[in-house]
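Student: Sharing a structure with you now.
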């Protein structure tokens with residue numbers, strides 16, 4: 001095992017994390033809330049440690065990463081990054097306990113959006129901006145950002161991207177992985193700026209627009225208000241964020257194909273996108289229909305017109321926003337959906353499992369895997385009546401290797417098992433009921449944010465004890481890195497020399 005190369009890559013990762021703290025430091029200088037020194041000390045400490053690790057002397061002229069080393073770097077890197085990312089929260093006094101600061105940092109970088117923060121009435125702008133920045137940095141992948149800035153850091157960089165990027169397979173846009181990373185980040189920045197401008201036009205100030213653009217781009221959901229997006233009570237804001245949450249749930253490779261000449265055909269030719277669009281629209285229409293009666297009662301209780309027309313429009317507004325938020329695993333909230341009819345809540349739970357497209361910033365199991373699982377089930381059913389027919393699973397009219405099909409099935413089993421094992425482990429905390437613990441585990445593994453029960457849309461995770469917060473933090477990491485890197489981290493063979 002090339003330990004020095006691993007240390008150098010981790011050092012580069014920390015150095016870039018330190019640089020990512022710079023915007024939050026500048027925000028703290030502008031608002032002068034008392035968090036400037038905390039951010040400055042965190043920034044300097046992260047840069048010094050990262051630089052010291054990066055400039056460790058080389059022992060070989062050519063250094064290459066093996067696949068196992070790539071997975072180890074990703075798993076260890078995200079843990080180390082979360083520890084240093086927690087420094088601003090601790091040094092500023094935002095949290096007094098490390099497990100709280102670590103939970104918040106992990107939730108930010110994994111773009112989960114589950115929070116233990118309760119001080120929205122008097123928050124520090126710089127630290128909260130760093131909290132939002134963790135979403136944006138973690139959304140596309142920190143190792144992907146590192147490769148975009150330092151493409152010659154090591155050879156065989158595809159191992160790093162494969163271990164960190166969501167989806168069942170790695171697809172390069174161009175032959176070089178570093179160039180692919182740059183293209184992805186340019187698209188990422190462009191769409192983030194488009195949302196930032198749109199939110200400014202909706203009446204948000206620059207700070208609010210930046211925080212919510214970062215949270216939407218990373219599909220994270222951290223807001224600087226305790227009531228989330230509901231704080232603005234704006235149809236225009238809801239509509240803009242709804243659209244962009246969906247956009248960030250789409251495979252970024254499709255945007256690249258669209259920009260290089262394929263135009264909108266690139267989206268429609270992609271089977272995963274068509275499935276994603278179908279699922280999102282179907283769920284949205286069903287939830288809107290199920291919620292009409294609920295919103296009729298809500299409007300009448302508020303002294304407003306509770307007829308079918310206004311109730312339909314109100315239901316469409318909140319249902320489309322919340323469905324887009326959950327299926328993109330962003331986690332923004334405009335209404336307490338735990339009060340919705342049971343059928344609507346069940347569809348939201350199913351959306352948590354499914355998630356969005358591979359190659360996006362969203363979490364969940366991914367639409368491509370769900371599509372393949374559906375085709376596998378269909379093939380198994382049909383094989384009972386046609387046992388001699390060889391039925392090949394195809395995606396985008398291309399035959400899928402049976403090895404990949406098997407890996408998808410294994411992933412689905414491990415994913416569901418992890419949700420229930422996580423629910424059992426957090427139940428040992430002894431604080432909440434079954435519904436709360438199951439949805440807390442599910443929302444962390446799927447990197448969504450809000451759950452049901454005591455971790456519902458108007459609550460947070462602050463009431464869990466040390467054990468519960470540590471378990472949920474690791475569940476978020478397992479979910480964001482799609483299981484394998486974290487499982488490898490805890491195997492004995494991963495740490496042995498070759």
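The values are calculated or read from the model by the stated rules, or taken from the named source; none is laboratory data. Owing to the predicted nature of the structure, the values given are computational and were not obtained by experimental measurement. Ideal geometry is used to build each Cβ from the backbone, glycine not excepted, and the neighbour counts take in all protein chains shown.
Student: Within the range 307-351, work out how many residues are in a loop (DSSP other than H, G, I, E, B) and surrounded by fewer than 18 Cβ atoms within 10 Å (Cβ to Cβ). Even if it seems obvious, please write down each step before you answer.
Tutor: Of all residues in the range 307-351, those in a loop (DSSP other than H, G, I, E, B) come to 307, 328-336, 340-341.
Filter once more, so that each one left must be surrounded by fewer than 18 Cβ atoms within 10 Å (Cβ to Cβ): 307, 336, 341.
Final tally of qualifying residues: 3.
Student: Okay, moving on. Taking the stated definitions as given, is residue 48 at pLDDT 85 or above and not in a loop (DSSP other than H, G, I, E, B)? Full working, then the answer.
Tutor: Working: at pLDDT 85 or above: yes; not in a loop (DSSP other than H, G, I, E, B): yes.
In short, yes.
To keep it simple, each residue is scored yes or no on (1) modelled with pLDDT under 85; (2) touching a strand residue (DSSP E or B) at 6+ places or on another chain (Cβ under 6 Å); (3) under 17 Å from residue 478 (Cβ atoms).
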residue	(1), (2), (3)
80	no, no, yes
93	no, no, no
111	no, no, yes
154	yes, no, no
160	yes, no, no
179	yes, no, no
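Student: Could you list, in sequence order, all residues of the range 74-100 that are in a helix (DSSP H, G or I) and crowded, with 24+ Cβ neighbours inside 10 Å?
Tutor: Taking the range 74-100 as the starting set, the residues that turn out to be in a helix (DSSP H, G or I) are 74-85, 87-91, 98-100.
Of everything in the range 74-100, those that are in a helix (DSSP H, G or I) and crowded, with 24+ Cβ neighbours inside 10 Å turn out to be 74, 77, 78, 81, 82, 85, 88, 89.
Student: Here are 25, 71: which of them is in a helix (DSSP H, G or I), under 25 Å from the mean Cα position of the chain (by Cα) and at pLDDT 95 or above?
Tutor: On the way: 71 fails: at pLDDT 95 or above.
Within the list 25, 71, the selection yields 25.
Student: Give all pairs with beta carbons closer than 7 Å in which a residue from the range 287-304 that is more than 13 Å from residue 317 (Cα to Cα) meets a residue that is modelled with pLDDT of 95 or more and not in a helix (DSSP H, G or I); count only pairs at least 6 apart in sequence or on separate chains.
Tutor: From residues that are more than 13 Å from residue 317 (Cα to Cα), the pairs are 290/341; 294/340; 294/341.
Student: Just to be sure, is residue 167 at pLDDT 90 or above and within 18 Å of the chain's Cα centre (by Cα)?
Tutor: Here the answer is no, as residue 167 does not meet what is asked.
Student: I'm told residue 183 meets every condition in (1) modelled with pLDDT under 95; (2) within 19 Å of the chain's Cα centre (by Cα); (3) surrounded by 17 or more Cβ atoms within 10 Å (Cβ to Cβ); (4) assigned to a helix (DSSP H, G or I) except one. Can you identify the failing condition by its number?
Tutor: Answer for residue 183: the failing condition is (2).
Student: While we're on this one: Every residue in the range 423-447 that is surrounded by fewer than 24 Cβ atoms within 10 Å (Cβ to Cβ), closer than 14 Å to residue 470 by Cα and within 21 Å of the chain's Cα centre (by Cα), please.
Tutor: 423
Student: Within the range 468-481, is even one residue surrounded by fewer than 19 Cβ atoms within 10 Å (Cβ to Cβ) and more than 22 Å from the chain's Cα centre (by Cα)?
Tutor: no
Student: Moving on. State yes or no: is residue 346 out of contact with any helix residue (DSSP H, G or I) (no Cβ under 9 Å at 6 or more places or on another chain) and at pLDDT 90 or above?
Tutor: When the stated conditions are applied, residue 346 passes them.
Student: Just to be sure before I move on: is residue 401 loosely packed, with under 14 Cβ neighbours inside 10 Å, at positive phi and out of contact with any strand residue (DSSP E or B) (no Cβ under 9 Å at 6 or more places or on another chain) in the structure I sent?
Tutor: Spelling it out, it is not the case that residue 401 is loosely packed, with under 14 Cβ neighbours inside 10 Å, at positive phi and out of contact with any strand residue (DSSP E or B) (no Cβ under 9 Å at 6 or more places or on another chain).
Student: Still on this structure: Among the residues of the range 373-395, is any more than 20 Å from residue 440 (Cα to Cα), under 25 Å from the mean Cα position of the chain (by Cα), surrounded by 22 or more Cβ atoms within 10 Å (Cβ to Cβ) and in contact (Cβ under 8 Å) with a residue 12 or more places away in the chain?
Tutor: No: the range 373-395 contains no residue that is more than 20 Å from residue 440 (Cα to Cα), under 25 Å from the mean Cα position of the chain (by Cα), surrounded by 22 or more Cβ atoms within 10 Å (Cβ to Cβ) and in contact (Cβ under 8 Å) with a residue 12 or more places away in the chain.
Student: Return the total of residues in the range 210-260 being buried (at least 22 other Cβ atoms within 10 Å of the Cβ) and on the phi > 0 side of the Ramachandran plot.
Tutor: 3
Student: Among the residues of the range 113-152, which ones are part of a helix (DSSP H, G or I), modelled with pLDDT under 90 and farther than 25 Å from residue 470 by Cα?
Tutor: 121, 122, 144, 145, 146, 147, 148, 149
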